[in-house]
Amino acid sequence: MKRRTFVHAAVAALAAGALPVAHAQSPGPANKVVIQVSDADPGKWNLALNNAKNVQTDLGASNVAIEIVAYGPGLSMLKADSVVGNRVREALDAGVKVVACENTMRNTKVVKDEMLGGIVYVQAGVVEIMQKQQQGWAYLRP
Amino acid sequence: MKRRTFVHAAVAALAAGALPVAHAQSPGPANKVVIQVSDADPGKWNLALNNAKNVQTDLGASNVAIEIVAYGPGLSMLKADSVVGNRVREALDAGVKVVACENTMRNTKVVKDEMLGGIVYVQAGVVEIMQKQQQGWAYLRP
Amino acid sequence: MKRRTFVHAAVAALAAGALPVAHAQSPGPANKVVIQVSDADPGKWNLALNNAKNVQTDLGASNVAIEIVAYGPGLSMLKADSVVGNRVREALDAGVKVVACENTMRNTKVVKDEMLGGIVYVQAGVVEIMQKQQQGWAYLRP
């Protein structure tokens, strides 16, 4: 086919979605990682917090967006009486976003008053983790 | 460079693969998640099934493609005598694709007659999980 | 809008980054997977090594890039006295890249002389895992 025709065909195909392009990126730093916490295991909670800290140290806190999502048996990490409560507060102060799953809270009869301050809530932690990946975030499960 | 020349150069570069584009997306819903089950732990099996259900509830079952891949020590989730057999059948009825790893079956001398009905088989579960991600699926390991 | 104008607009938008494109891919095979080892559990180490081998067998070793990253409690997999030392050496011989986290080594007072030969080092294993994903690699956590 002639060059101009090829050009038109390729661009039209691109515009029509026939050529694969990635999902839209959310704004913010190029480095983005969502960290899953789904174990009732303080060792994993500490590892998740260490991981967040190491990423910030290595890349510079302003160059990376980090989100920790706790759900299922991992929800207890974010309760007010959590053994890692102080470390969660440090992570929040350092700019890490910390997210709790409301489905898990409802299923285990936990209310927001029992949770650490400064965290945010999503309806389904698992959907949050899925959608972050589809927006270009890396995934980490300590 | 002149505008038309720029257009040609850009499209030619794209067509030649010089500009990065994502891997081809498989058809289907925009939300796609592959859930790995590789632990011999019924708690994890239930969590995987809960996760699938929550994603369907939150997004609408027709708006999300979900595939559970069991391999290694996780294969037992899909045996006919699995303690979560009824829940696997419910997931299948709800449109979740459930996949077993034939490498694991061969290595552990398990045959299809010993497996739940309605599931599908791949040669290597780990390759399935890898390729789904490279086709734009999110990854979840409960 | 006229067809030529549309073409120009679409290509200019693409070139300007207004249309989403994926992160630049690293060179090498189309199939790429980074395998995380972060548990002090020889069962997981063997599963990671089995996974690497199965991927190579299924796709052909030359058609896939595989990197195993050990960090945190998983670092012991790569010590000279590791119970899977022989299998790590086989993986290295088969072309698998094996990576240790220097942050973990410093925190646990492990030096390179205590590690297996042939492996490589990164400052932060977790950053390596994150960045590989953002370069288009699939992620696997056995």
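The values are calculated or read from the model by the stated rules, or taken from the named source; none is laboratory data. Values in this document were obtained by computation on a predicted structure and should not be read as measured data. Because the Cβ atoms are built from the backbone with ideal geometry, glycine has one as well, and the counts that use them run over all protein chains shown.
For the stretch B:100-113, give me the residue count where each residue is in contact with a helix residue (DSSP H, G or I) (Cβ under 9 Å, 6 or more places away or on another chain) and surrounded by fewer than 21 Cβ atoms within 10 Å (Cβ to Cβ).
7
Output the strands (runs of 3 or more DSSP E) that fall wholly within the stretch C:57-142 and possess 1 or more residues being within 14 Å of chain B (Cβ to nearest Cβ) and of a type in the set (Val, Ile, Thr), or say none.
The qualifying strands (runs of 3 or more DSSP E) are C:64-70.
Answer yes or no as to whether C:TYR139 is under 10 Å from the mean Cα position of the chain (by Cα), among the aromatic types (Phe, Trp, Tyr) and crowded, with 18+ Cβ neighbours inside 10 Å.
Yes; evaluated as a whole, the condition is true for this residue.
Starting from residues that are in contact (Cβ under 8 Å) with a residue 60 or more places away in the chain and surrounded by fewer than 22 Cβ atoms within 10 Å (Cβ to Cβ), keep the ones in the stretch A:57-72 and report whichever is farthest from B:ALA52 (Cα to Cα).
A:ALA65
With C:VAL122, C:VAL111, C:VAL83 as the choices, which residue is modelled with pLDDT of 95 or more and either closer than 22 Å to B:TYR71 by Cα or in contact with a strand residue (DSSP E or B) (Cβ under 8 Å, 6 or more places away or on another chain) (or both)?
Exactly one residue qualifies, and that residue is C:VAL122.
Quick check on my filter: what residues within the stretch C:33-56 are within 11 Å of chain B (Cβ to nearest Cβ), touching a residue at least 60 places away in the same chain (Cβ under 8 Å) and among the hydrophobic types (A, V, I, L, M, F, W, C)?
Hits for the stretch C:33-56 are C:VAL33, C:VAL34, C:ILE35, C:LEU47, C:ALA48.
Before we move on, is B:ASN63 under 21 Å from C:ARG141 (Cα atoms) and polar (S, T, N, Q)?
No, not satisfied.
Quick one: how many residues across the stretch A:114-136 are surrounded by 17 or more Cβ atoms within 10 Å (Cβ to Cβ), within 20 Å of A:GLY85 (Cα to Cα) and of a type in the set (Val, Ile, Thr)?
Counting residues in the stretch A:114-136 that are surrounded by 17 or more Cβ atoms within 10 Å (Cβ to Cβ), within 20 Å of A:GLY85 (Cα to Cα) and of a type in the set (Val, Ile, Thr) gives 2.
Can you find a residue that is over 17 Å from A:GLN133 (Cα atoms), at pLDDT below 95 and β-branched (Val, Ile, Thr) anywhere in the stretch A:39-55?
no
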